[in-house]
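Please treat every number below as a calculation from the coordinates, not as lab data. It should be emphasised that the depicted structure is a prediction, and the values quoted were computed from it without experimental measurement. Cβ coordinates were reconstructed from backbone atoms using ideal geometry, including for glycine residues, and neighbour counts include every protein chain displayed.
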Amino acid sequence: MTRIVAVHSFRGGTGKSNTTANVAVMAARRGLRVGVVDTDIQSPGIHVLLGVDQTTITRSLNDYLWGRCAIAETAVDVTDALDPTLEGRVVLIPSSIDASDIARVMHDGYDVGLLHEGIGSLITSLSLDLLLLDTHPGLNEETLLSIAVADTVAILLRPDQQDYEGTSVTVSVARKLKVPDMFLVVNKTPAAFDPADVRRRMHETYDCEVAAVIPHSDDLMAFSSSGVFVLAQPGHRLTTLYGELATRVIG
């Protein structure tokens, strides 16, 4: 049965898209067919990590939501461009970065119910084992739908006072929506922090599983979103942590 995972954060800058891309590749390394939907329609970006040139895209998630095409027509198989030796596949459903498309979304919105329908259609037409939803930060109608349709919600936060309150709201909303499975990922953790202590404090604060405490990495920062980190640095400590996180996501 296909697992749908919403990767979410209350605030931007948590590393949500980087985490999604790296987990997608680690899952594909294990032979899974992985779909990645960029539902951050107002500020899309995961296509950069997955090596997709937007000028080559003829259809996007926007086109599907505006009734121009079937959602499967927007799918871009990025596997061979990433790593042709991957046992599984990685397929991206990108959102448009065209300024007029983004402006239209912000002004007119779209029928969010179509997104729910599209997810089901996508899983069937592409025979997916895992579907990752890279959400828009914060809480709005679109992100609430992404959370509601997910089997699992992975909530990213930094060990930062500005993230704590918003994460509490997100956890509360996910519980009210009766999400079957939820966990936290504490990202960009300073080296001065003890990971075990961070894990304990986050668990006590939110009464929620902490699946990973990922340290701040100068190597990742220097990589500058130029691709998928686990492919460029297979022996890196972060690659091991992303692999462990993928195991938790796959279930």
For the Phe183, Thr85 Cβ pair and Förster radius 35 Å, calculated FRET efficiency rounded to 0.05 is 0.75
For Leu231, what charge total do you get from the other residues with a beta carbon under 10 Å from its beta carbon, if Lys and Arg give +1 and Asp and Glu give -1? 0
For the chain, calculated [θ]222 nm from helices alone, where every DSSP H run of n ≥ 4 adds -39500 (n - 2.57): -13000 deg cm²/dmol
log10 I(q)/I(0), Debye, Cα-only the range 26-80, no solvent, q = 0.29 Å⁻¹? -1.36
Averaged across orientations, what area in nm² does the convex hull of the alpha carbons in the range 105-237 project? 10.5
Compute the distance from the alpha-carbon center of the range 170-208 to that of the range 1-48, in whole Å. 18
List every residue whose amide H lies under 5 Å from the amide H of Lys188, counting only residues 5 or more places away in sequence or on a different chain, with H placed 1.01 Å from N in the peptide plane. Ile214, His216
21 Å tail of the calculated P(r), the range 1-133, as % of Cα pairs: 37
Length gained, Asp108-Asp194, 0.36 nm per residue minus C-alpha separation, equals 26.3 nm
Spin-label point model (7 Å from Cα, Cβ direction): what's the Arg68 to Ala232 distance in nm? 3.1
Ranked packing of 85-94, 151-160, most packed first, by mean Cβ within 10 Å: 151-160, 85-94
Given C-alpha coordinates of the chain, what is the ratio Rg to Rh with the Kirkwood estimate of Rh? 0.94
Which whole number in µm²/s is D for the range 173-244 by Stokes-Einstein, with the Kirkwood Rh taken over Cα pairs at 37 °C and 0.692 mPa s? 238
Summing Lys, Arg as +1 and Asp, Glu as -1, what charge do residues with Cβ under 13 Å from the Cβ of Val213 carry, Val213 excluded? +3
Between Leu139 and Glu244, take the C-beta separation as r, use R0 = 30 Å, and let me know the FRET efficiency to the nearest 0.05. 0.60
Antiparallel %, DSSP beta bridges [both residues in the chain], to 5: 5
For the range 92-150, state what percent of all Cα-Cα pairs lands in each successive 10 Å bin, counting from 0 Å until the bin that includes the largest distance. 18, 53, 27, 2
